[in-house]
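Contents: one structure, followed by commentary.
The values are calculated or read from the model by the stated rules, or taken from the named source; none is laboratory data. Fair warning: this is a prediction, and the values are worked out from it, not measured in the lab. All Cβ positions, glycine included, derive from the backbone under ideal geometry; neighbour counts span all protein chains shown. Remember, those area values only see protein heavy atoms, side chains included, never the ligands or the DNA or RNA. Shrake-Rupley method; radii C 1.70, N 1.55, O 1.52, S 1.80 Å.
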Amino acid sequence: MAKRRRPEPAATAAPVSADEVPVVGMREPCPCGSGRRYKACHGRAAAHRGQHLVTRPFQGLASECDWVALREIVPAATAPLALRPGALAAAGVVEQPPSVTLATVLPLAWPGLVRTDGSVFVGLQVNGGSGDASRDVADALVRAATAEPGNPVPPQGLPDEGPRLQDLLDPDQPLRITLHDGFDFWVEGVEDAGGAVRASLERANAGVVPTRRLTGVEAAYWVQIGTKEHLRWVLPYDEEPLLDALARLRAAEADHLGPGTRLLGTFRAHGLLVPVWDLAPGDTAEDVEEPAAQFLARLEEALADGSPLPDEARRARSSLQTRQITLR
(Lines give C-alpha, C1' and ligand atoms only; values in the text may rest on other atoms or scores of the structure.)
Protein backbone atom coordinates (compact mmCIF):
# COMPACT_ATOMS: atom_id res chain seq x y z
CA MET A 1 0.00 0.00 0.00
CA ALA A 2 1.37 3.41 -0.92
CA LYS A 3 2.09 5.79 1.89
CA ARG A 4 -0.22 8.74 2.31
CA ARG A 5 1.55 11.92 1.37
CA ARG A 6 1.50 14.79 3.81
CA PRO A 7 -0.46 17.72 2.35
CA GLU A 8 1.71 20.41 0.85
CA PRO A 9 1.49 23.90 2.38
CA ALA A 10 -1.08 26.09 0.74
CA ALA A 11 0.51 28.04 -2.09
CA THR A 12 -0.93 31.31 -0.89
CA ALA A 13 0.13 30.90 2.76
CA ALA A 14 2.78 33.43 3.72
CA PRO A 15 5.42 32.40 6.28
CA VAL A 16 4.30 33.21 9.79
CA SER A 17 5.91 33.01 13.21
CA ALA A 18 4.48 30.91 16.01
CA ASP A 19 3.39 34.04 17.86
CA GLU A 20 1.24 35.11 14.90
CA VAL A 21 -0.73 31.85 14.73
CA PRO A 22 -3.87 31.90 16.90
CA VAL A 23 -4.66 29.00 19.22
CA VAL A 24 -7.35 26.63 17.91
CA GLY A 25 -8.53 23.13 18.77
CA MET A 26 -5.68 20.63 18.68
CA ARG A 27 -7.42 18.53 15.99
CA GLU A 28 -8.43 21.47 13.81
CA PRO A 29 -6.46 22.60 10.73
CA CYS A 30 -3.56 24.84 11.66
CA PRO A 31 -4.42 28.48 10.87
CA CYS A 32 -0.96 28.94 9.31
CA GLY A 33 -2.23 27.21 6.17
CA SER A 34 0.13 24.23 6.24
CA GLY A 35 -2.70 21.74 5.75
CA ARG A 36 -1.75 19.86 8.89
CA ARG A 37 -3.65 19.68 12.15
CA TYR A 38 -2.73 22.28 14.74
CA LYS A 39 -1.37 19.64 17.15
CA ALA A 40 1.11 18.46 14.49
CA CYS A 41 2.10 21.94 13.42
CA HIS A 42 2.28 25.13 15.49
CA GLY A 43 0.45 23.44 18.38
CA ARG A 44 3.42 21.12 18.88
CA ALA A 45 5.79 24.03 19.40
CA ALA A 46 3.29 25.76 21.70
CA ALA A 47 3.02 22.65 23.88
CA HIS A 48 6.79 22.43 24.24
CA ARG A 49 7.07 26.04 25.34
CA GLY A 50 5.33 25.15 28.62
CA GLN A 51 7.08 25.16 31.95
CA HIS A 52 8.02 21.95 33.73
CA LEU A 53 5.16 20.07 35.34
CA VAL A 54 4.32 21.15 38.89
CA THR A 55 3.01 18.01 40.57
CA ARG A 56 1.47 19.81 43.57
CA PRO A 57 0.31 23.14 42.11
CA PHE A 58 -1.81 24.10 45.13
CA GLN A 59 0.75 23.29 47.79
CA GLY A 60 1.19 26.19 50.21
CA LEU A 61 -2.41 27.34 49.90
CA ALA A 62 -4.80 26.88 52.79
CA SER A 63 -7.27 24.10 51.87
CA GLU A 64 -4.90 22.49 49.36
CA CYS A 65 -6.98 19.30 49.46
CA ASP A 66 -10.19 21.19 48.69
CA TRP A 67 -8.47 22.99 45.81
CA VAL A 68 -7.67 19.56 44.37
CA ALA A 69 -11.23 18.35 44.99
CA LEU A 70 -12.77 21.38 43.28
CA ARG A 71 -10.43 20.90 40.36
CA GLU A 72 -11.04 17.17 39.93
CA ILE A 73 -14.17 15.77 41.57
CA VAL A 74 -16.71 18.49 42.44
CA PRO A 75 -19.09 19.47 39.62
CA ALA A 76 -20.58 22.79 40.76
CA ALA A 77 -19.18 24.93 43.56
CA THR A 78 -17.99 28.44 44.32
CA ALA A 79 -15.74 30.01 46.95
CA PRO A 80 -14.76 33.64 47.59
CA LEU A 81 -11.03 34.27 47.35
CA ALA A 82 -9.07 36.45 49.78
CA LEU A 83 -6.31 38.41 48.04
CA ARG A 84 -2.99 39.45 49.49
CA PRO A 85 -2.93 43.22 50.01
CA GLY A 86 -1.26 44.81 47.01
CA ALA A 87 -0.79 41.53 45.12
CA LEU A 88 -2.89 42.51 42.11
CA ALA A 89 -1.28 45.93 41.93
CA ALA A 90 2.12 44.24 41.80
CA ALA A 91 0.78 42.17 38.88
CA GLY A 92 -0.15 45.33 36.97
CA VAL A 93 -3.83 45.61 37.94
CA VAL A 94 -4.70 49.27 38.37
CA GLU A 95 -8.10 48.94 40.02
CA GLN A 96 -8.90 46.28 42.64
CA PRO A 97 -12.10 44.33 41.80
CA PRO A 98 -14.85 44.44 44.43
CA SER A 99 -14.71 40.65 44.79
CA VAL A 100 -13.03 37.57 43.34
CA THR A 101 -14.87 34.24 43.28
CA LEU A 102 -13.54 30.83 42.40
CA ALA A 103 -15.90 28.60 40.40
CA THR A 104 -15.41 25.01 39.38
CA VAL A 105 -16.70 25.74 35.88
CA LEU A 106 -17.73 28.91 34.02
CA PRO A 107 -19.92 29.27 30.91
CA LEU A 108 -18.40 27.95 27.69
CA ALA A 109 -15.36 26.80 29.73
CA TRP A 110 -14.13 30.40 30.03
CA PRO A 111 -11.06 30.71 32.28
CA GLY A 112 -12.56 33.84 33.82
CA LEU A 113 -15.09 36.61 33.46
CA VAL A 114 -15.85 40.02 34.92
CA ARG A 115 -19.44 41.01 35.56
CA THR A 116 -20.87 44.43 34.87
CA ASP A 117 -20.36 45.43 38.51
CA GLY A 118 -16.64 44.60 38.23
CA SER A 119 -16.76 41.41 40.29
CA VAL A 120 -14.38 38.75 38.99
CA PHE A 121 -14.97 35.01 38.56
CA VAL A 122 -12.22 32.51 37.73
CA GLY A 123 -12.76 28.94 36.59
CA LEU A 124 -10.74 26.08 38.05
CA GLN A 125 -11.63 23.17 35.77
CA VAL A 126 -9.97 24.53 32.65
CA ASN A 127 -7.16 23.21 30.49
CA GLY A 128 -3.96 25.20 30.83
CA GLY A 129 -0.73 24.73 29.00
CA SER A 130 1.94 25.88 31.42
CA GLY A 131 2.17 22.62 33.37
CA ASP A 132 1.24 24.53 36.52
CA ALA A 133 -2.49 24.78 37.26
CA SER A 134 -1.79 27.47 39.87
CA ARG A 135 -0.08 29.68 37.30
CA ASP A 136 -2.84 29.13 34.72
CA VAL A 137 -5.63 30.11 37.12
CA ALA A 138 -3.64 33.11 38.40
CA ASP A 139 -3.19 34.27 34.81
CA ALA A 140 -6.96 34.11 34.26
CA LEU A 141 -7.52 36.04 37.49
CA VAL A 142 -5.19 38.86 36.46
CA ARG A 143 -6.66 39.02 32.96
CA ALA A 144 -10.20 39.16 34.38
CA ALA A 145 -9.21 41.92 36.80
CA THR A 146 -7.98 44.03 33.87
CA ALA A 147 -10.85 43.23 31.48
CA GLU A 148 -13.73 45.54 30.72
CA PRO A 149 -16.80 44.87 32.91
CA GLY A 150 -19.31 42.53 31.35
CA ASN A 151 -16.78 40.51 29.37
CA PRO A 152 -15.40 36.96 29.54
CA VAL A 153 -11.74 36.06 29.64
CA PRO A 154 -11.26 33.86 26.57
CA PRO A 155 -8.94 30.86 26.46
CA GLN A 156 -5.47 31.63 25.17
CA GLY A 157 -2.16 29.91 24.66
CA LEU A 158 0.48 29.62 27.30
CA PRO A 159 0.40 32.45 29.84
CA ASP A 160 3.26 34.88 29.99
CA GLU A 161 5.58 34.79 32.96
CA GLY A 162 3.57 35.94 35.93
CA PRO A 163 2.34 35.21 39.44
CA ARG A 164 0.93 31.98 40.81
CA LEU A 165 -2.08 31.72 43.09
CA GLN A 166 0.32 31.51 46.03
CA ASP A 167 1.52 35.02 45.11
CA LEU A 168 -1.97 36.50 44.79
CA LEU A 169 -3.97 34.87 47.60
CA ASP A 170 -3.79 35.10 51.37
CA PRO A 171 -2.23 31.70 52.14
CA ASP A 172 -3.83 31.51 55.59
CA GLN A 173 -7.44 31.94 54.46
CA PRO A 174 -9.17 28.58 53.91
CA LEU A 175 -11.72 28.15 51.16
CA ARG A 176 -15.33 28.78 52.18
CA ILE A 177 -17.00 26.44 49.72
CA THR A 178 -20.61 26.57 48.60
CA LEU A 179 -21.83 23.53 46.68
CA HIS A 180 -24.54 24.05 44.08
CA ASP A 181 -27.02 21.61 42.59
CA GLY A 182 -26.41 23.22 39.19
CA PHE A 183 -24.78 26.19 37.51
CA ASP A 184 -27.60 28.72 37.86
CA PHE A 185 -25.16 30.93 39.80
CA TRP A 186 -23.74 31.81 36.36
CA VAL A 187 -26.75 34.01 35.65
CA GLU A 188 -27.71 35.21 39.12
CA GLY A 189 -28.18 38.97 38.93
CA VAL A 190 -27.58 38.97 35.16
CA GLU A 191 -30.43 40.46 33.15
CA ASP A 192 -29.40 39.14 29.72
CA ALA A 193 -26.97 36.26 29.78
CA GLY A 194 -27.19 35.59 26.04
CA GLY A 195 -28.23 32.50 24.13
CA ALA A 196 -24.80 30.86 24.11
CA VAL A 197 -24.49 31.13 27.89
CA ARG A 198 -28.02 29.79 28.39
CA ALA A 199 -27.30 26.84 26.12
CA SER A 200 -24.03 26.15 27.95
CA LEU A 201 -25.92 26.36 31.27
CA GLU A 202 -28.46 23.82 30.10
CA ARG A 203 -25.76 21.38 28.97
CA ALA A 204 -23.77 21.81 32.19
CA ASN A 205 -26.78 21.33 34.45
CA ALA A 206 -27.62 18.08 32.66
CA GLY A 207 -24.29 16.60 33.73
CA VAL A 208 -24.31 17.54 37.43
CA VAL A 209 -24.33 14.65 39.88
CA PRO A 210 -25.50 15.05 43.50
CA THR A 211 -22.49 15.98 45.65
CA ARG A 212 -22.15 16.88 49.32
CA ARG A 213 -19.13 17.90 51.36
CA LEU A 214 -18.65 16.27 54.76
CA THR A 215 -18.41 18.75 57.62
CA GLY A 216 -16.49 16.71 60.20
CA VAL A 217 -13.38 16.05 58.10
CA GLU A 218 -11.60 18.03 55.40
CA ALA A 219 -12.00 17.56 51.64
CA ALA A 220 -14.27 14.48 51.76
CA TYR A 221 -17.13 14.48 49.25
CA TRP A 222 -20.16 12.21 49.09
CA VAL A 223 -21.37 11.68 45.53
CA GLN A 224 -24.19 9.72 43.95
CA ILE A 225 -23.47 8.16 40.56
CA GLY A 226 -26.62 6.59 39.18
CA THR A 227 -27.96 4.34 41.93
CA LYS A 228 -24.66 4.07 43.83
CA GLU A 229 -23.18 6.27 46.53
CA HIS A 230 -19.45 6.85 46.94
CA LEU A 231 -17.08 8.87 49.09
CA ARG A 232 -14.06 10.56 47.50
CA TRP A 233 -11.60 11.94 50.00
CA VAL A 234 -8.52 14.01 49.12
CA LEU A 235 -5.93 13.33 51.83
CA PRO A 236 -2.99 15.65 52.63
CA TYR A 237 -0.36 13.01 53.35
CA ASP A 238 2.63 12.00 51.22
CA GLU A 239 1.81 9.03 49.02
CA GLU A 240 4.24 6.40 50.30
CA PRO A 241 3.43 6.63 54.04
CA LEU A 242 -0.26 6.95 53.19
CA LEU A 243 -0.18 3.73 51.16
CA ASP A 244 1.58 2.00 54.05
CA ALA A 245 -1.10 3.21 56.46
CA LEU A 246 -3.97 2.18 54.17
CA ALA A 247 -2.35 -1.23 53.75
CA ARG A 248 -2.12 -1.70 57.53
CA LEU A 249 -5.81 -0.84 57.84
CA ARG A 250 -6.79 -3.15 55.00
CA ALA A 251 -4.84 -6.04 56.51
CA ALA A 252 -6.66 -5.40 59.79
CA GLU A 253 -10.03 -5.12 57.98
CA ALA A 254 -10.28 -1.57 59.28
CA ASP A 255 -10.29 0.40 56.01
CA HIS A 256 -14.09 0.59 55.81
CA LEU A 257 -16.54 3.40 56.58
CA GLY A 258 -19.11 1.26 58.32
CA PRO A 259 -21.18 -1.83 57.45
CA GLY A 260 -21.67 -2.43 53.74
CA THR A 261 -18.84 -0.11 52.66
CA ARG A 262 -15.51 -0.94 51.07
CA LEU A 263 -12.41 0.89 49.91
CA LEU A 264 -12.40 0.51 46.12
CA GLY A 265 -8.95 1.96 45.54
CA THR A 266 -7.25 5.29 45.01
CA PHE A 267 -6.34 7.74 42.27
CA ARG A 268 -3.71 10.49 42.12
CA ALA A 269 -4.62 14.12 41.61
CA HIS A 270 -2.14 17.01 41.67
CA GLY A 271 0.36 15.15 43.81
CA LEU A 272 -2.13 13.84 46.37
CA LEU A 273 -3.78 10.48 46.81
CA VAL A 274 -7.59 10.23 46.74
CA PRO A 275 -9.16 7.07 48.21
CA VAL A 276 -12.63 6.16 46.96
CA TRP A 277 -15.17 4.13 48.93
CA ASP A 278 -18.24 2.32 47.75
CA LEU A 279 -20.92 3.12 50.35
CA ALA A 280 -23.85 1.06 51.53
CA PRO A 281 -26.99 1.51 49.41
CA GLY A 282 -28.86 4.60 50.54
CA ASP A 283 -26.04 6.02 52.67
CA THR A 284 -26.23 9.81 52.81
CA ALA A 285 -23.44 12.25 53.57
CA GLU A 286 -24.79 12.55 57.11
CA ASP A 287 -24.61 8.77 57.54
CA VAL A 288 -20.90 8.82 56.71
CA GLU A 289 -19.87 11.71 58.99
CA GLU A 290 -19.15 9.67 62.14
CA PRO A 291 -17.59 6.66 60.33
CA ALA A 292 -15.30 9.06 58.44
CA ALA A 293 -14.12 10.69 61.66
CA GLN A 294 -13.48 7.24 63.16
CA PHE A 295 -11.57 6.17 60.05
CA LEU A 296 -9.40 9.29 60.23
CA ALA A 297 -8.43 8.42 63.81
CA ARG A 298 -7.47 4.88 62.72
CA LEU A 299 -5.55 6.27 59.74
CA GLU A 300 -3.53 8.71 61.84
CA GLU A 301 -2.65 5.90 64.23
CA ALA A 302 -1.50 3.76 61.30
CA LEU A 303 0.52 6.67 59.89
CA ALA A 304 2.35 6.95 63.21
CA ASP A 305 3.31 3.25 63.12
CA GLY A 306 6.86 3.16 61.82
CA SER A 307 7.37 -0.59 62.14
CA PRO A 308 7.99 -2.72 59.02
CA LEU A 309 4.86 -3.82 57.20
CA PRO A 310 3.88 -7.41 58.00
CA ASP A 311 3.43 -9.82 55.08
CA GLU A 312 -0.35 -9.41 54.88
CA ALA A 313 -0.03 -5.62 54.85
CA ARG A 314 2.60 -5.80 52.08
CA ARG A 315 0.20 -7.83 49.97
CA ALA A 316 -2.56 -5.33 50.69
CA ARG A 317 -0.26 -2.48 49.68
CA SER A 318 0.53 -4.15 46.38
CA SER A 319 -3.18 -4.57 45.74
CA LEU A 320 -3.84 -0.89 46.48
CA GLN A 321 -1.07 0.21 44.13
CA THR A 322 -2.45 -1.83 41.25
CA ARG A 323 -6.08 -0.77 41.78
CA GLN A 324 -6.11 2.73 40.37
CA ILE A 325 -9.62 4.20 40.16
CA THR A 326 -10.85 5.87 36.98
CA LEU A 327 -13.57 8.45 37.64
CA ARG A 328 -16.68 8.47 35.49
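For this structure, a couple of remarks:
- Two-site FRET efficiency, Gln321 against Arg262, from Cβ-Cβ distance with R₀ of 25 Å, rounded to 0.05: 0.90
- Rounded to 10°, Cα long-axis angle of helix 311-322 versus longest principal axis of the chain: 20
- A cut-off of 5 Å between modelled amide H atoms, ignoring neighbours fewer than 5 places along the same chain, links Gly112 with Gly123, Val153.
- Cα centre as origin, Lys/Arg/Asp/Glu Cβ charges: the chain dipole, Debye: 1900
- Inter-label distance, Glu312 to Arg212: 3.4 nm, where each label sits 7 Å from its Cα along the C-beta direction.
- Tensor-based shape of region 279-325 (alpha-carbon gyration tensor, a/c under 1.5 rounded, otherwise prolate or oblate): oblate
- Label assignment, percent of Cα pairs over 26 Å apart derived from the structure, set [x] 41; [y] 57; [z] 66: [y]
- Ligands, DNA and RNA are left out, and with a 1.4 angstrom probe the accessible area of the chain is 53 Å² per residue.
- Sum of -39500 (n - 2.57) over DSSP H runs of 4+, divided by residues of the chain (222 nm, nearest 500): -8500 deg cm²/dmol
- Length-normalised contact order for region 209-323 - Cα pairs under 8 Å, 6+ apart - percent: 31
- Electrostatic tally near Val122: other residues with Cβ closer than 14 Å to its Cβ, Lys and Arg +1, Asp and Glu -1, net +3.
- Among the protein heavy atoms of the chain, carbon and sulfur supply 50% of the accessible surface, probe 1.4 Å, non-protein parts ignored.
- Using θ = phi - 60° in the Karplus curve 6.51 cos²θ - 1.76 cosθ + 1.60, the 3J(HN,Hα) couplings for region 117-123 round to 7, x, 5, 10, 10, 10, x Hz; x is entered for Gly and Pro.
- When all alpha carbon pairs of region 82-240 are counted in 10 Å bins from zero, the resulting P(r) reads 9, 34, 35, 19, 2, 0 %.
- Computed over the Cα atoms of region 156-204, pair by distinct pair, the Kirkwood hydrodynamic radius stands at 14.5 angstrom.
- Note on Glu300 and Glu148: the model spin-label points, each 7 Å out from Cα along the C-beta direction, lie 5.4 nm apart.
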